[in-house]
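This report concerns only the one structure given below.
The values are calculated or read from the model by the stated rules, or taken from the named source; none is laboratory data. From a predicted model like this one, the values you see are computed outputs, not experimental measurements. In this analysis, Cβ positions are derived from the backbone assuming ideal geometry, glycine residues included, and neighbour counts consider all displayed protein chains.
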Amino acid sequence: MRTQVAIIGGGPAGLLLSQLLNQKGVETVVLERQSRDYVLSRIRAGVLERGTVDLLQRAGASARMMKNGQPHCGCYLTHDQQMIRVDFAEACGAEVMVYGQTEVTRDLYAAQDGLGATHIHGVENVVLHDIETSKPYVTYDLDGAAHRLECDFIAGCDGFHGVSRKSIPQAVRKEYEKIYPFGWLGVLSETPPLHEELIYANHPRGFALASMRNPMLSRYYVQVPLSDRVEDWSDDAFWSELRARLPQDVAEGLVTGPSIEKSIAPLRSFVTEPMRHGALFLCGDAAHIVPPTGAKGLNLAASDVHYLSEGFIAHYDQSDSTGLEDYSQKALARVWQAMRFSWSVTTMMHHFPEHTAYDREMQRVELMQLASNPTAQRLFAENYVGLPY
Ligand code: APR
Ligand code: PHB
């Protein structure tokens, strides 16, 4: 089999890239190791930057988002009992869209089905070959049979644990990593959200976040030690801890209910450079991971896809490869900005075991500056809603 761009991974990055390319007549094949149902069963974040919203509109995958998504023009950060609102509209004239990644993925699958896109699910033993030549190819197994996919380029959209990043020679890769000394215990519940806007809480007991998916589906998180396991946390224990970390007058409005999903995720910051090697281009979580505090994971995948899709389209339409040559440097410039924001908010909002009283005072003062300084509000808001592409 042959295609123009072989896409490894059918998550948000792979699906959005395939859709934007197919719309412009660039042929793709998406190789995904899981089933479609499995991909759609993943619970991930739910805040879309304005750039991501625009891309999904361009991709013809925005109708349900525009109908069911919730535009948010602010969010709250708390310090013990104090509620601090950051007004995105006032600070930078923009907003975000609250709409679950699961729904984004569902919309992208529907858009790809509409174009008759080629997705191969259940692939195993994917191997990238000859990526340093003009004739790369991918081999994989499907239902016990060996297959070979000839292509011009390979887009590695296979996430942090995929094969693409590791297909770049170790000597070529420069990797940066920061592991945080805690995780997030997340709960999804069919209950009305605590508040109409997101609340990020800094409390001596630890960080908490009150988010939502829709008027009857709430998403909550509490910071937990890395040693904790999901089975250590009953629903009652979770609700009690979440309530304890929110300002008292707000916590009184918390509507609890049975968890329909409960999981613990570790927090890390990770970047690999370069994001291109020969015919292989890394995109999304395959190249970088952010702590979820800044809600940047999906949105960075979207900006990578924007740069890469523009590069491929110019290559095939006008034989202009400058976009492909500039891809890694352009994508990384935005990645590092989001890395700084995500690290900064994570550091400001969480309880670090090694923190001294001085460190905790720094957190307090940073939050008080955010509460009173329009310049601090603007810097936070511009990064949260998404820096320009
Ligand atoms: N072969 C084929 N597919 C693979 C392989 C492989 N060897 N390894 C992983 N995959 C698939 C995974 O099953 C997954 O569906 O690649 C896809 C990668 O998707 P994501 O991990 O979602 O990464 P990405 O598309 O970059 O989206 C980033 O999704 O998971 C969130 O936190 C993440 O918000 C971020 C966003
Ligand atoms: C979520 O709704 O899952 C969510 C929202 C904002 C974040 C992280 C997660 O920063």
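Regarding G93, is this residue in contact with a Ser or Thr (Cβ under 7 Å, 6 or more places away or on another chain) and on the phi > 0 side of the Ramachandran plot? No; evaluated as a whole, the condition is false for this residue. Of the set (1) within 16 Å of ligand 2 (Cβ to nearest atom); (2) among the basic types (K, R); (3) surrounded by 16 or more Cβ atoms within 10 Å (Cβ to Cβ), all apply to R33 but (1).
Run down A333, A314 and say which single residue is without any contact (Cβ under 8 Å) to a residue 24 or more places away in the chain, more than 16 Å from ligand 1 (Cβ to nearest atom) and under 19 Å from A6 (Cα atoms). Quick ask: steps written out before the conclusion?
Numbers: A333 fails: under 19 Å from A6 (Cα atoms).
After ruling out the rest, the residue left standing is A314.
For segment 317-327, a residue qualifies if it is surrounded by fewer than 20 Cβ atoms within 10 Å (Cβ to Cβ) and either in contact (Cβ under 8 Å) with a residue 24 or more places away in the chain or over 30 Å from F380 (Cβ atoms) (or both), and the qualifying residues are D317, Q318, S319, D320, S321, T322, G323, L324, E325.
Does P291 qualify as being surrounded by 22 or more Cβ atoms within 10 Å (Cβ to Cβ) and within 25 Å of M362 (Cβ to Cβ)? Criteria met by P291.
Check T52, T105, T28 and return the single one that is of a type in the set (S, T, Y), buried (at least 22 other Cβ atoms within 10 Å of the Cβ), touching a Ser or Thr at 6+ places or on another chain (Cβ under 6 Å) and in contact (Cβ under 8 Å) with a residue 60 or more places away in the chain. T28 is the lone residue from the list that is of a type in the set (S, T, Y), buried (at least 22 other Cβ atoms within 10 Å of the Cβ), touching a Ser or Thr at 6+ places or on another chain (Cβ under 6 Å) and in contact (Cβ under 8 Å) with a residue 60 or more places away in the chain.
Candidates in segment 69-82 are the residues that are surrounded by fewer than 18 Cβ atoms within 10 Å (Cβ to Cβ) and in contact with a helix residue (DSSP H, G or I) (Cβ under 7 Å, 6 or more places away or on another chain); of these, the one that is modelled with the lowest pLDDT is Q81.
Here A63, A110, A59, A91 are screened, and the one residue that is under 30 Å from E361 (Cα atoms) and touching a residue at least 24 places away in the same chain (Cβ under 8 Å) is A91.
This table checks each residue for (1) more than 14 Å from ligand 1 (Cβ to nearest atom); (2) in a helix (DSSP H, G or I).
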position: D37; (1), (2): no, yes
position: A45; (1), (2): no, no
position: M83; (1), (2): yes, no
position: A89; (1), (2): yes, yes
